[in-house]
Amino acid sequence: MKTVIRKGRVVDPSRGRDEILDILIVDGFIARQGGSIADDDAEVIDAEGLVVAPGLIDIHVHLRDPGQEYKEDIASGTRAAAAGGFTAVACMPNTAPVNDTLAVTEYIKNRSLRDGLVRVYPIGAITKGLKGETLVEMGELTAAGCVAFSDDGRWVADGDLMRRALEYVKPFGVPLVSHAEDTTLTAGGVMNEGFVATDLGLKGIPWVAEDAAVFRDVMLAALTGTRLHICHISTRGSVDIIRGAKMAGVLVTCEATPHHLTLSEEAVRGYDTNAKMSPPLRLQEDIEALWRGLADGTIDVIATDHAPHHRDEKNVEFNLALNGIVGLETALSLTLRLVEKKVLTLSEAVDKLSCGPARVLSLPGGSLRDGAAADIVIFDPEEKWTVDPRGFLSKGRNTPFAGWELPGVVHRTLVGGKTVFCRT
């Protein structure tokens, strides 16, 4: 089977490429690229005026499967991913049951092969049941296909246990992924601590809860020499700590979410539960620090922390609402807003959403080099659309961006040369 993507603007940060090219795909792999490729036997995809980039990779997604399929499942989650331009996702382990055993890892892999439209990579738990007490069998789970380990949603509070986890995982060549939030400092908090929380009468979560946890985990990574990835950083302090650690040679990477790069604590006014998340939305000064961290390479990845919930879990008073929002179908557009603001170039934006995630978790993808699997997104970076959650392919509708006009429309997503999403 042959396909030619014709006259697209090929943006491939992995090779420093940004030019108008044709791409020939043969049997699911990129065969060659050039100024003009003619093949009478090939299907032709006209990409003139559109960007052709490596498929996006989201390394922080909650597919809720197994156990919470009323919120999301692998079929619906990967449909949403494809619609957002993602060709691969890594799914967090806080399912029911938790992905802390071989059986659950194999279930996710088998279900993904059956129902998934994009590539799905399981992330295993660090501790059994996410309880922070006993380490999982990391060697067994790595062999089964886990690409990292995380107790996401919970911090491993026991410092000695976290040290042993870092030492244990090191020989397997995969990173530990930390939800850095000192819960002894957050108990009962529901938004950022500050003027807005006081004004709304809500208990706040101080910035130090994140910064202290980031600092401890970075120091443990320095001690053990193990790869550490920090989830969804949200404070200027976290940016500074990680920047300094990288300069000192610590093997640490980090991510920021589109919502933490876009929204401040002001979004909580009106008690909008779609603005309730963990970590909480912070100050404009924090957002601007995150922008600087993106621009100078301190922040390696933009990841969604896609967290679908049923409407009954959000349509409650603010204190009782669950944390999190959906993000797979808005991530590219929110990142392109940063291009409009000149925080990032288009090539840098693609790197944060594709090449960077592939590097952090050592995943296939993130490149359009000859011989690579044809995991490709084709999009118009300037075309506008209005966010309407009723049209989401995710089961989740919990977004604070409803009604926003955003740049960037995905026209087609291909996985292994096969179209898995096409805008009609």
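The values are calculated or read from the model by the stated rules, or taken from the named source; none is laboratory data. No experiment lies behind these values; they were computed from the predicted model shown. Please note: Cβ atoms are built from the backbone with ideal geometry, for glycine as well, and neighbour counts cover all protein chains shown.
For the range 27-41, does any single residue satisfy the condition of being more than 25 Å from the chain's Cα centre (by Cα), of a type in the set (S, T, N, Q) and part of a strand (DSSP E or B)? The answer is yes, given that some residue of the range 27-41 is more than 25 Å from the chain's Cα centre (by Cα), of a type in the set (S, T, N, Q) and part of a strand (DSSP E or B). Every residue in the range 376-401 that is of a type in the set (Gly, Ala, Ser) and crowded, with 16+ Cβ neighbours inside 10 Å, please. Within the range 376-401, 394, 396 meet the criteria. Quick one: is residue 9 of a type outside the set (Gly, Ala, Ser) and in contact (Cβ under 8 Å) with a residue 60 or more places away in the chain? No: the conditions fail for residue 9.
Residues of the range 163-197 that are within 25 Å of the chain's Cα centre (by Cα) and of a type in the set (A, V, I, L, M): 165, 166, 169, 174, 176, 177, 180, 190, 191.
Each row is one residue, and each column tells you yes or no for (1) at pLDDT 95 or above; (2) outside any helix (DSSP H, G or I); (3) farther than 16 Å from residue 194 by Cβ.
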{"position": "279", "(1), (2), (3)": "yes, yes, no"}
{"position": "287", "(1), (2), (3)": "yes, no, no"}
{"position": "299", "(1), (2), (3)": "yes, yes, yes"}
{"position": "304", "(1), (2), (3)": "yes, yes, yes"}
{"position": "312", "(1), (2), (3)": "yes, no, yes"}
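Checking the structure you have, find out if any residue of the range 334-346 is part of a helix (DSSP H, G or I), within 20 Å of residue 233 (Cβ to Cβ) and in contact with a Phe, Trp or Tyr (Cβ under 8 Å, 6 or more places away or on another chain). Scanning the range 334-346, I find at least one residue that is part of a helix (DSSP H, G or I), within 20 Å of residue 233 (Cβ to Cβ) and in contact with a Phe, Trp or Tyr (Cβ under 8 Å, 6 or more places away or on another chain), so the answer is yes. Hey, could you check the range 124-177 for residues that are basic (Lys, Arg) and outside any helix (DSSP H, G or I) and say which is surrounded by the fewest Cβ atoms within 10 Å (Cβ to Cβ)? The selected residue is 131. The condition of being of a type in the set (A, V, I, L, M), part of a strand (DSSP E or B), within 29 Å of the chain's Cα centre (by Cα) and within 15 Å of residue 414 (Cβ to Cβ) holds for only one of 20, 45, that being 45.
Restricting 17, 32 to those that are among the basic types (Lys, Arg) and closer than 21 Å to residue 85 by Cβ reduces the list to 17. The residues listed here are 321, 331, 349; of these, the one that is surrounded by fewer than 23 Cβ atoms within 10 Å (Cβ to Cβ) and modelled with pLDDT of 95 or more is 321.
Specify the residue that is farthest from residue 410 (Cα to Cα); the eligible residues are those in the range 61-70 that are crowded, with 24+ Cβ neighbours inside 10 Å and in contact with a Pro (Cβ under 9 Å, 6 or more places away or on another chain). For the range 61-70, the residue satisfying everything is 64. Condition check for residue 43 on (1) farther than 20 Å from residue 113 by Cβ; (2) of a type in the set (D, E, K, R); (3) touching a residue at least 60 places away in the same chain (Cβ under 8 Å): one failure, at (3). What about residue 388, is it outside the structural domain of residue 256 (by TED's automatic domain parsing) and among the acidic types (Asp, Glu)? Yes.
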